[in-house]
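Take a look at the structure set out below.
The values are calculated or read from the model by the stated rules, or taken from the named source; none is laboratory data. Just so it is clear, the model here is predicted, and its values are computed rather than measured. A quick note on method: Cβ atoms are made from the backbone with ideal geometry, for glycine too, and the neighbour counts reach across all protein chains shown. Keep in mind that these areas ignore ligands, DNA and RNA; they rest on the heavy atoms of the full protein, side chains included. Shrake-Rupley method; radii C 1.70, N 1.55, O 1.52, S 1.80 Å.
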Amino acid sequence: MATITGVERDTRVKQLLYLVGGALALLIFIVPLAFGLFRSVQPSDVIVAAPDPATFFDLTLENFGNLFAQSNLGRSIMNSLIVSIAAAALTAAVALLAGYGFSRFRFRLSPILFGIIVVTMMVPFQAILTPLYLQLNAMRLTDTRIGLILFYTTVNLPFGVFVMRNSFASVPAELEDSGHVDGAGTMRTLFSVLWPLVVPGVATTALYAFLVSWTEFLGALTIITDPDLYTLPVDMVNLQQGAYGQIDFGLLAAGAVVAMIPCVILYAALQRFYVRGLASGAVKG
Amino acid sequence: MTATLQTETVRTPATQTRRPRSLTHPPRTGLLLVLPAVAFVVVFVGVPLLVAIYISLTNFPLIGDYRFIGLQNYLLIFTDPAFGRSILYTLLYTAVVTGPILVLGYLLAVMVRSNRRGAKLLRTVFFLPYVVGLTTLSFLMVLEAQPDSGAVNIVLAWLGITDGSTAWLVDGVLGTILICALVVWGVSGLTMMLLMSGMQQIPSEVYESAELDGAGWWRTERNVTIPMIRRTIALSVIISVIGSMLAFTQFFILTQGGPGSDTTTVVMAIYKRAFVQLQLGAATAMSLVLVVIIGLITAAQFWLLRERE
C-alpha cells in the first residue's frame, strides 16, 4: 500500500469535491453502524417507542447483562468462537501445505489437482446445500461442531490455497535452496526458512476464514439443529423470531454489536493483509 | 488478478519439462502436501455433487425408504409455479442491485484510489459494512424498519417523504426495496476495493498525458480508466451477480420470504423444500438447476468479456 503514488493531479475543484463527497460518504457509511452501537445501550422499551427526547438518551448496559443472564447467547458466542477459530486454523494449515506443494513441487497430477480446487471455487455451497447436508449426515457430522468446522474449512480452502500458492511463488528459490543445502528436510525448510516469508499469506487466509465463519448463516442453520450448539447468528434468529417469547429488541441490538466486535477489531488490526488478499484476486462472492 | 493470470500463461511447458527430477523437491512429497486440501474438496464438494445427481432422481426423504423415480422431480419443479417465481424474483433482485453496487463502488473507488489526505480512513470506513457482514446488518435493520420507532421511518418522516408509520417488512415490494438499499450500502465496499486495486496499477504517466490533452474528468475515466480496468470491472460484476443469485440471509432475517412467498429467493425455496417440506429429492433437483444457472451466468459473463478483445 505504501508504494502507491498519486494516481491523478488535483485541481481546486477536485479537492473541494473530494472534501465534500468524502465527508458526506463518511457520514452515510459510519452513522448507521454507530447508531447500531447506540441502540445496544438503549433500553428495549425506548427502542420500540417513537423517539421521545425525554427518554431517548437514557442509556444503560442492561442489554449486555441480559444477553448472558436471560438468553443463551453467551453459549452461542462461545460456539461461534470455537468453530471460527478452529476453522481459521485448519484452513490456514491445510492451505499452507497445499500452497507449498503446488508452487514448489512438480508432480504429474499437480495441474489436475489444482484444477479441481479452482473448479470447486466456482461451485457455491449454497447451490449444493442439500447434497452436502446428506453427505455430512451420512458421516454423522450434522449437529456437531466438528462438522461445521470441516464445512467452513472446505468453504474457505480454495481461496486459501490460491493465496498461499501466490505467497510461495513470490519467495526467491535461492532462499529455499540454502535451507536444503544445510540438510534440512521439507518440513524443517518450510517452518524455519520459508515461514517468516509466507506469514502474511497465512494471516490473510486465517483472517478471511475466521470472518467468513463468524458471520456465516445458512450453513450453520442447516447443519446444526441442537440449540446447545447454535452459533451466534442462528441463535439471534431465534431471539428475533420470538423463540424466547416476546421479542427483546435490546437483546437483538446487543447481540448484533457483539457479532460486530471481532470483525471490526480484526479488520482494523489486519487490514493490510485482508486487502492484499482481496487484490490477489481469488475472492468468492 | 490480471498479473496472476498473465504469469500463468507466460510459463511455457518447455521450462517445466527441461527441469530435472528434483532431489530437494521429490514429486511424492509434493503430492502428499496437496493431498489434504484435495481430500477436503473431493469429500465435501465433489462427492456431494455426484451423489446429488442420483438423489435428484429419487423421492429421497430425510427418514425412511426411497425409490428411483426418474425425472419426476425435475418435472415437478419445472411445473411448480413457486419455483419458477423464486427464480424470477431472484433474477429481478439481481438486476436491481447489480448496477447501483457497481456505480457506487466505482465512485467510492475514485474517491479513495489516490493517496490524498484521509483516503486510507475513507477506504477503511467504506469497507466496514462488508466486513461486518449482511447477517449482522440485517439484524440491525430489523430494529430500524419498525413503524414509528425505526430510524428508516424517522428519517423519511423528517424529510417529509412518508408519515413514518411504514411497516416495511410485511409488504413484498417495500421489503424488497429496503433489502436492496441495505445490500447496495453493505456490499459496495467490496466492489470499491477490487476496482481500487485495479485503478492503482494504472501508471500515472497515462493520466498525465490525458491531462495534457485537456481531457476532463469523465472523459479521462471513460477513455483511460474504464478500458484499462475492464477485466477487474468484469470480475467484480461476476462476483456481485453470483452473490445476488445466492441471496438468502438478508431475506430470511428481514422478510422470512414473505408475505406469502413474495420475497422468496431460489436458495430460500430450496431450503424450505428440503428442511421444511422434507422433500430432499426435489430440493436436490432444484439445487442442481441452480448450479447450472450459476454456471451459465458465469460462462456468459466470461464470454461477453472475451468478445470485446
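Computed values, structure above
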read-out	value
Three-way shape call for the range A:120-278 based on the alpha-carbon gyration tensor, with the a/c threshold at 1.5	prolate
Interface B:A - total buried accessible surface [probe 1.4 Å, Å², rounded to 100]	9000
Area accessible to solvent at A:Arg75, 1.4 Å probe radius, in Å²	90
Using θ = phi - 60° and Karplus 6.51 cos²θ - 1.76 cosθ + 1.60, couplings along the range A:83-93 (whole Hz; Gly, Pro as x)	5, 5, 5, 4, 5, 5, 5, 5, 4, 4, 5
For the range B:57-111 versus the range A:68-130, the gap between their alpha-carbon centres in whole angstrom	25
Chain A: calculated mean residue ellipticity at 222 nm from DSSP helix runs of at least 4, using -39500 (n - 2.57)	-23000 deg cm²/dmol
Where B:Leu169, A:Leu96 fall by accessible area, highest first, once all protein chains stay in place (1.4 Å)	B:Leu169, A:Leu96
Average Cα contact separation per residue, chain B, under 8 Å, 6 or more apart, as relative contact order %	27
Estimated FRET transfer efficiency (B:Leu71, B:Gln277; beta-carbon r; R0 22 Å; 0.05)	0.65
Highest average packing first - B:198-205, A:233-240, B:269-276, Cβ atoms within 10 Å	A:233-240, B:269-276, B:198-205
MRE, 222 nm, helices only [DSSP H, n ≥ 4, -39500 (n - 2.57), over chain B, to nearest 500]	-22000 deg cm²/dmol
Amide H contacts under 5 Å for B:Thr162, placed H, 5+ residues apart	B:Ala157
³J(HN,Hα) computed for each position of the range B:129-141 - Karplus, 6.51 cos²θ - 1.76 cosθ + 1.60, integer Hz, glycine/proline x	x, 5, 5, 5, x, 5, 4, 5, 4, 5, 4, 5, 5
The range A:108-165: trypsin sites (Lys or Arg not before Pro) in DSSP loop, at most 16 other beta carbons within 10 Å	A:Arg108, A:Arg140
Normalised contact order of chain A, rounded percent, pairs of Cα under 8 Å and 6 or more residues apart	30
Per DSSP, loop trypsin sites (Lys or Arg not before Pro) in the range B:114-210 with at most 11 further Cβ within 10 Å	B:Arg117
Filtered chymotrypsin sites (Phe, Trp or Tyr not before Pro), the range B:36-83: DSSP coil and at most 14 other beta carbons within 10 Å	B:Tyr66
Amide H contacts of B:Thr58 (H built 1.01 Å from N, under 5 Å, at least 5 apart or other chain)	B:Ile69
